[in-house]
Amino acid sequence: ALPILPALCHSFCRDAGVRSPLVPPLWLCLVPRMKIRRTKHAKKALGFYATGFGLRPPHRVLLDGTFCQAALRGRVQLKEQLPGYLRGEVELCTTGCVLKELASLGKELYGARVIAQRFQVRHCFHVKSPVAGSACLLSLIAGGNPHKYFVATQDQDLAAKVRKKAGVPLLFIIQNTIVLDKPSPKSLAFVQAMQTSQLVPKQQKKNIELLKETQGIAKEFNPRGRSEEH
């Protein structure tokens, strides 16, 4: 409900057919509430990844060219805003493939390239034969995301592939605001399987493994390792 004075002012102005100077537009009233909701969502998601996958500060964030371009257009200060949003120290990273891809796209993405050049350049296996930026980032999170990377992108095709790998948080820029994507079904299923595995007695686990070997059933899930998909 509006305070009494602004409410009365709003009533008089409405009768006079003019906009009240004391009553802010509806979207402005909703901004603080949206910020609180976004912060709570991030805290919950970060807790999930910390408990289920051991992702803790300093957080390593892999950025592609599309994310740098969105940050440039939205005037998002990545070095200043990401540590606060992710609740800890952040290492901003990219790859040589991403930089070469941005350079090949010409003047339109010059600003994004300048931003990306400020970050750490992670070693990849494509020094002699560069690949697309998205393919390069996927190679760094293959084998269960051993280096605990976040992936920051606006590329929906890349995001869809990242969601198929457990334990890789996704970051987007939506309406000039950094947003941490909710955990993917793959990540949720992985953690649930881990929890179920911990509840099974050791002897029963041995019996299950022995049964798999005798029946020729391949392991579908290794609770100690990582996903083997690439």
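The values are calculated or read from the model by the stated rules, or taken from the named source; none is laboratory data. On a predicted model such as this, the values are computed, not experimentally measured, just so you know. Glycine gets a Cβ as well: all are built from the backbone with ideal geometry, and neighbour counts include every protein chain shown. Ligands, DNA and RNA are excluded from the accessible area calculation, which covers all protein heavy atoms including side chains. Shrake-Rupley method; radii C 1.70, N 1.55, O 1.52, S 1.80 Å.
Being under 15 Å from VAL61 (Cβ atoms) and charged (D, E, K, R) is the filter; apply it to the stretch 113-130 and report the residue that is surrounded by the fewest Cβ atoms within 10 Å (Cβ to Cβ).
My answer is ARG118.
Tally up the residues in the stretch 57-72 that are surrounded by fewer than 21 Cβ atoms within 10 Å (Cβ to Cβ) and free of Cβ contacts under 8 Å to residues at least 60 places away in the same chain, please.
Adding up the residues that qualify gives 3.
Being out of contact with any helix residue (DSSP H, G or I) (no Cβ under 8 Å at 6 or more places or on another chain), open to solvent by less than 30 Å² (accessible area, probe 1.4 Å) and at pLDDT below 95 narrows it down to one residue among GLY144, GLY133, GLY167; which is it?
GLY144
Among the numbered criteria (1) out of contact with any His (no Cβ under 8 Å at 6 or more places or on another chain); (2) surrounded by 18 or more Cβ atoms within 10 Å (Cβ to Cβ), which single criterion is violated by VAL90?
It fails just one condition, (1).
Report, ordered by the first and then the second residue, all pairs with beta carbons closer than 7 Å, sequence separation of six or more or different chains, a first member in the stretch 94-114 that is within 21 Å of CYS124 (Cα to Cα), and a second member that is buried (at least 20 other Cβ atoms within 10 Å of the Cβ) and polar (S, T, N, Q).
ALA112/GLN69
So, of the residues in the stretch 147-164 that are closer than 19 Å to ALA112 by Cα and assigned to a loop (DSSP other than H, G, I, E, B), which turns out to be least open to solvent (accessible area, probe 1.4 Å)?
THR153
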